[in-house]
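These notes concern the structure reproduced below.
Bear in mind that the values in this text are calculations on the coordinates, not laboratory data. Quick caveat, the model's predicted, so the values are computed rather than measured. Here Cβ is always computed from backbone atoms with ideal geometry, including for glycine, and neighbour counts include all displayed protein chains.
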Amino acid sequence: MLLKRFMGLTRKQKDLFLLAVDVALVPIVGLMSALLLLEYNRTIFELGPRYLPILMIVAGGLSMMLGLHRVQLKHFDAEAITRALIMSIGLTMMSGLLEVVSSQRLRPIAPTLFGMLYFLSYIVLRRGMLQLLTMLYRRSRIVSRVIIYGAGFSGIKLSREMMDRPDVMVYGFIDDSPALRGSHVNGLTVYPVFKAEELRVLYNINRVILADPDLPADRKTALSRQFEALGITTETLPAFAQLIDDSTLASRLEPVKSGQLLGRDDLFETLSSSYIAYAGSTVLVSGAGGSIGLELCRQVIACRPAQLILLELSELALYAANQELRLLAEPFGTRIVPVLGSAADPVLVASLFAQNGVDAVMHAAAYKHVPLVEENMRAGLQNNVFSTQVLARAAREAGVARFVLVSSDKAVRPGSVMGASKRLSELVVQDLADRPEGTIFSIVRFGNVLGSSGSVVPLFEEQILRGGPVTLTDLRVTRYFMTIQEAARLVLLAGSFADGGEVYVLDMGKPMLIRDLARRMIEGRGFQVRDRANPDGDIEIVTTGLRPGEKLYEELMVRKGAGSTSHPKIIRVREDRLSELQTAAMLRDLRDAIERNDPAEMLATLARAIPEYMPQSHAAESLQMSVVQERSAVNRPANRPGE
């Protein structure tokens, strides 16, 4: 009731109230000074009543002249404190002048003490009033309690606008930048993202506004999911809003929408997860610090497992993931176990399974950047193929119930070493699926994941912010796209209803032209594409040529025809596989080639194991010719005697 009355006051009425408080503080401080100086100056009680009205008038005049009565409690920052100091010095000088007039001599202790007490009392009173208001706001249903993500230019501008609104209380910023943590911007503290739950409890936060214009679309969606899981409404600024100086940012807030760049509806909500499959279990996620692995961990936590093991090779990525996931897991009682190391380390992996009683494994660790793996063939094959072999075999030996391999559409008719390495990983898992011994093995193929590490989206964002040009390898390139949330949910579903050996893909509709994605991102930033039809546009799209190992088009399956599943948007594919002997020979030959560091033999092994492997890089193409000749020689029938 009190808060409703206070909020019902006009701005002028609130200013008059604060002016009255500034004036009323004079006699209170005068009495405090008199009591402290009673032994020193007994005449102060006699002179005080005579001159206090004059000091009250002076206080009112100084408050109006300095604009202190118009400074809202929410805006009482360093500048306002400086003004209060000037006001206190003015009152000190006036009280000294009045003492000289009354006694013909100056005793500086009395006016000095009066001024100091007035300044301290002023600050304490304003802070106390703000704390009272904050406490009332925290319990109010008519006030929004806000934190702002992004302490940059747009965030600061938005915070000023929001703080001017009587129905909003801004409690601080949250930002990913370690350099900003703990600092104060516009009078507000900057917190790390993993403090969101703590802030919600402390201040009863009910709104988060994403005000970072450089935030990728999928990061916005991930943050939205994270905050909504805490019961906090999430809003965002359109990317172009910060470019418009003559309009308020607050008026442009809109709910976060995922999959805005896909050209189709986001399927995340329709991919209902099977929480029962993971509730109370122990789940291991390899590559837990990567963009896909981390989102997978977030969604696993929502399934309420007893324990989540984070296996990650990068110390920095593991630290960040552990910090975030511990806070997310706390309400569910899930134990987070961070493990620094490689999934290809058999000793580490065996000890993990032995010590933790793992129920499900989700293998997301891999090198996935096509040009890098093409140039670093040995490292790519060793990591991607043999980490899968080590982890999958250890899971079977430990009696793990379910094992899910995260694969890629680049494994279909691979044109790159990275794609071929993922296809070999699939063959390893399919071989074990034929001899499961209690473990159900399955494979999930992703399209290109928006916003993940190496995705074109962050690259395009960076190029657009620099003013262009936006670079495409070829105007004809198409790709299947999905959000990080769709990718992670697909893994959970595949792990929950797989029978063994299947490859699961998400029905993502038609593939998208990369040039259309680039155009949408440019226009989403408020710019125009510069081309022949629009020579006065802002940002140009240019082509650079296909990179080593890159194909124009990607596919989701080799064999025609696909089976349905219990979910209408998930397709089951059964691909050709190698026999147990062929798989063992392939792994033996590949290991030998890696140990000898023989690129030609590595490619030959890929070609023998994957008949549809067609290298796209020039270096690999020359070696492919010798492989083709080798195949022809092997398949050519021997000449009979006399021929």
Label zone at MET129, where the point sits 7 Å out along the Cα-to-Cβ direction: the stretch 52-68 residues whose backbone N lies under 18 Å:
56-68
Gain on full stretching of the segment that runs from LEU120 to SER314 - 0.36 nm per residue minus C-alpha separation
64.8 nm
Sort MET162, MET418 so the one with the fewest other Cβ atoms within 10 Å of its own Cβ comes first.
MET162, MET418
Estimated distance in nm for a label pair at LEU513 and LEU35, the labels positioned 7 Å out from Cα along Cα-to-Cβ
8.1
In what sequence, highest mean first, do 585-597, 115-127 appear when ranked by Cβ atoms within 10 angstrom?
115-127, 585-597
Cβ-derived FRET efficiency at R0 56 Å, ASN597 paired with PHE153, nearest 0.05
0.65
Which residues' amide hydrogens lie under 5 Å from the amide hydrogen of LEU472, considering only partners 5 or more residues apart or on another chain, with H built in the peptide plane?
VAL542, THR543, THR544
Alpha-carbon centroid distance for the pair the stretch 76-100 / the stretch 457-475, whole angstrom:
56
Which order do peptides 400-412, 368-380, 277-289 fall in by mean Cβ count within 10 Å, highest first?
400-412, 277-289, 368-380
Calculate one ³J(HN,Hα) per residue across the stretch 595-601 by plugging θ = phi - 60° into the Karplus curve 6.51 cos²θ - 1.76 cosθ + 1.60, and present them in order as whole Hz with x for glycine and proline.
5, 8, 6, 10, x, 4, 6
How large is Rg/Rh for the stretch 144-216, to two decimals, with Cα atoms and a Kirkwood Rh?
0.93
With label points set 7 Å from each Cα along the Cα-to-Cβ direction at GLU375 and ARG335, the distance between them in nm comes to 4.4
With the cut-off at 28 Å, tell me which of the pairs LYS12/LYS220; LYS195/LYS410; LYS410/LYS510; LYS157/LYS368 have Cα atoms farther apart than that.
LYS12/LYS220; LYS195/LYS410; LYS157/LYS368
Using 0.36 nm times the number of residues separating ALA585 and ASP499, minus their current alpha carbon distance, what extension gain do you get?
28.3 nm
